[in-house]
Amino acid sequence: LRFCFLVRPRVRTMRFIADIVNADKMSGRSRKYKIIFSPQKFYACEMVLEEEGVFGDVTCDEWSFYLLPLDEDIISMELPEFFRDYFLEGDHRWINPVARALQLLNSLYGPFGRTYGIGRSAKMSYELWRDLEEESERQQLGGYTDYVTALCSQVVYEGLVDDTFRIKCGSVDFGPEVTSSDKSIKVLLNSQDKVFSQIRNEHFSSVFGFLSQKSRNLQAQYDVSATLAWGAVALSPTARLPCPSQPGHHPLLSLHIGACESIMKKKTKQDFQETIKAEHSLLEGFDIRESTSFIEEHIDRQVSPIESLRLMCLLSITENGLHADPAAPSQSYGPEHLLTFHNLKRMGLLTEQSAGETLTAVESKVSKLVTDRAAGKITDAFSSLARKSNFRAISKKLGLIPRLDGEYDLKMPRDMAYVFGGAYVPLSCKIIEQVLERRGWQGLEEVVRLLNGNDAAPRADSTVEDNPACEAQRVVLAVFLGGCTFSEIAALRFLGKERGCKFIFLTTAITNSARMMEATIEAKA
C-alpha cells in the first residue's frame, strides 16, 4: 500500500506526515510513502522529517506548479503565505517560485517589451529571474505592495462577494441564505458566466438595478415565448413548450440576485455606510477626529478584532502615524493579540507620529485590549515605531483623491476612483497608469523616493521598436507580490478599456483586508 501526499512545503505539515508514518511503524504496518511538494521542496522540510526519524521512510519529489488561471485575464500562484512570510517574517523562500513563474510566462509568450519594477521583493524576483534566463535580455519585474488599497472596504461587486463569501481559487460557496434552499451551491466565477461578467467590475450601487432589469426582461421573454408555444401546441400536438427562462429557472441570475440581497443585509448590520464614510474621511484627510471616534466606538462595542485592526491601520497609514489624545476604555479582546500588534508594527501598518508622545486615544484602547499588564509592553512597542507611510504626500503628487465638481457618477465613471465610490484611486493602479503614460519613471522620481523604491529602475527590451501602432495593441502584465484585490483588478480593467490595452494579472494570491489582518494575528499561528 502506498501513501502519496501532495502538500505545500510547510513545517507543520511535515510533522503531521511524520506522525502518520511513526504511528504505522508502531502498529506494524508496512507502507510506502511519497511526498510531492508544490511548487518546490524546502530544505527545512527535509530537516523536520530527519528530526522526526522518518526521512529514510519517505521519498520526496516536486511538482513545479506555478500558475493557476482563475479567469481569462487573472493568473494566481495561490501563495497566500507570501504576504506574511516575506513582509512580516522577512523570509525570501517564495521569491524563487515567483521568478520561475515569470520565466514560464516569458518562455510561453516571448520577451516582454518593457518592464518596470519598484520595491525590494520586485528587485529580488527580477534578479533571480534574470539569472534563470541566461540568454534573455535584462528585464525587471513590475509590482508594488499597496496597503491602503487592501485595507479599504471593497464596493465593486466581485470585491464585495470576496469580502462577504470568500472567493477561493476562482469559485465561491453560496450558502442557504443565497440559494433560498437548505443547500449550498459552489459557483465558478469567471467570464464564462455571462451575468457575472457584466457586473463583476461595477460599483455595487448599480448592480442590483441591473439584475432586476435583467430578471424583468427574461420574464417578459418567457411570457411571449409561452404564448407562442401554446399557440403552436394548439396547431400541432408534437410541438413542445419552451424551456422557461424566468428567474426561478435561470440559476446564475437567481444566485447573483440572492448574493446581492445577502450582501445588503450583512452590510446594513455592520453599519457599512458609516464605515465607508469614515474610510473616505481618512483618505481625504477631513474629519479625522470623527473617524477616530468611530474607530474607538468599534473597539468599545467589541466588533471583531480584524475589523478594528483594519480601521486602526488605515488611520495610522493615512495620518502618517497615530495622534496624541489619551483616553482609556475598559474593553478587551484578550492578551493573545499582543504579538499581533507587534507584527503590525514590524510591517509598518501601525506607527506613531513622533517619538516620546503620549499614547493616542486609539493606542490607549489598544493597550486595554491586551490587559493592563501588557499595556506597558505595547507602549514600549509604539515608542520604537519610526517607519512612515508618506501617504498624504504621495496622494497629493499622484492625485489619488479626485477633485469633484458635484456628485460622482458611479454609473458612468470617469476614472479608476469609481472602485472606491469616487473617493480614491488605488495607489498601485495609479503608479501603473503613470508609468505607462510616461513610458518610464521620468517625472516620478519624488514619488519613487517617497515609496522607498530607490532600488527600482526601468528596463526595455532592445529588440522591441517604439512603434505607435504596436503600442496601441499592447498587452500589459501586472505582477503583484503579496496579493492584489478585486478592486485593483477592476480599476486596471477600466484603465485598459480607456487606453486601448489589455491587462493580464499575475498575483501571488487574491487578497482583501480580512486576509491581510488574519496573516498578522499570532493567535492563529
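The values are calculated or read from the model by the stated rules, or taken from the named source; none is laboratory data. Just so it is clear, the model here is predicted, and its values are computed rather than measured. Virtual Cβ from ideal backbone geometry, glycine too; neighbours counted across all protein chains shown. Keep in mind that these areas ignore ligands, DNA and RNA; they rest on the heavy atoms of the full protein, side chains included. Shrake-Rupley method; radii C 1.70, N 1.55, O 1.52, S 1.80 Å.
Points worth noting:
- Of all residue pairs spaced 6 or more apart or on separate chains, those with beta-carbon atoms under 7 Å, a first member in the range 292-313 that is at negative phi and a second member that is open to solvent by 30 Å² or more (accessible area, probe 1.4 Å) are PHE294/GLU274; HIS298/GLU307; ILE299/GLN331; ASP300/GLN331; PRO305/TYR333; ILE306/GLU518.
- Filtered residue count, the range 142-196, keeping only those that are in contact with a Leu (Cβ under 8 Å, 6 or more places away or on another chain) and either more than 25 Å from LYS411 (Cα to Cα) or part of a loop (DSSP other than H, G, I, E, B) (or both): 20
- Only residues that are more than 17 Å from GLY482 (Cα to Cα) and open to solvent by 40 Å² or more (accessible area, probe 1.4 Å) were counted in the range 78-115, giving 8.
- Within the range 249-318, helices (runs of 4 or more DSSP H) holding 2 or more residues that are within 23 Å of the chain's Cα centre (by Cα): 251-269, 272-284, 305-318
- Matching residues, the range 7-22, being assigned to a helix (DSSP H, G or I) and of a type outside the set (D, E, K, R): VAL11, THR13, MET14, PHE16, ILE17, ALA18, ILE20, VAL21, ASN22
- So LYS34, is it over 32 Å from the mean Cα position of the chain (by Cα), assigned to a helix (DSSP H, G or I) and not hydroxyl-bearing (Ser, Thr, Tyr): no
- Some residue of the range 55-66 being in a helix (DSSP H, G or I) and either among the hydrophobic types (A, V, I, L, M, F, W, C) or open to solvent by less than 50 Å² (accessible area, probe 1.4 Å) (or both): yes
- The residue of the range 67-77 that is surrounded by the most Cβ atoms within 10 Å (Cβ to Cβ), among those that are closer than 30 Å to PHE3 by Cβ and among the aliphatic types (A, V, I, L, M), is MET77.
- In the set GLY422, GLY443, GLY399, only one residue is open to solvent by 10 Å² or more (accessible area, probe 1.4 Å), closer than 26 Å to CYS313 by Cα and free of Cβ contacts under 8 Å to residues at least 40 places away in the same chain; that residue is GLY399.
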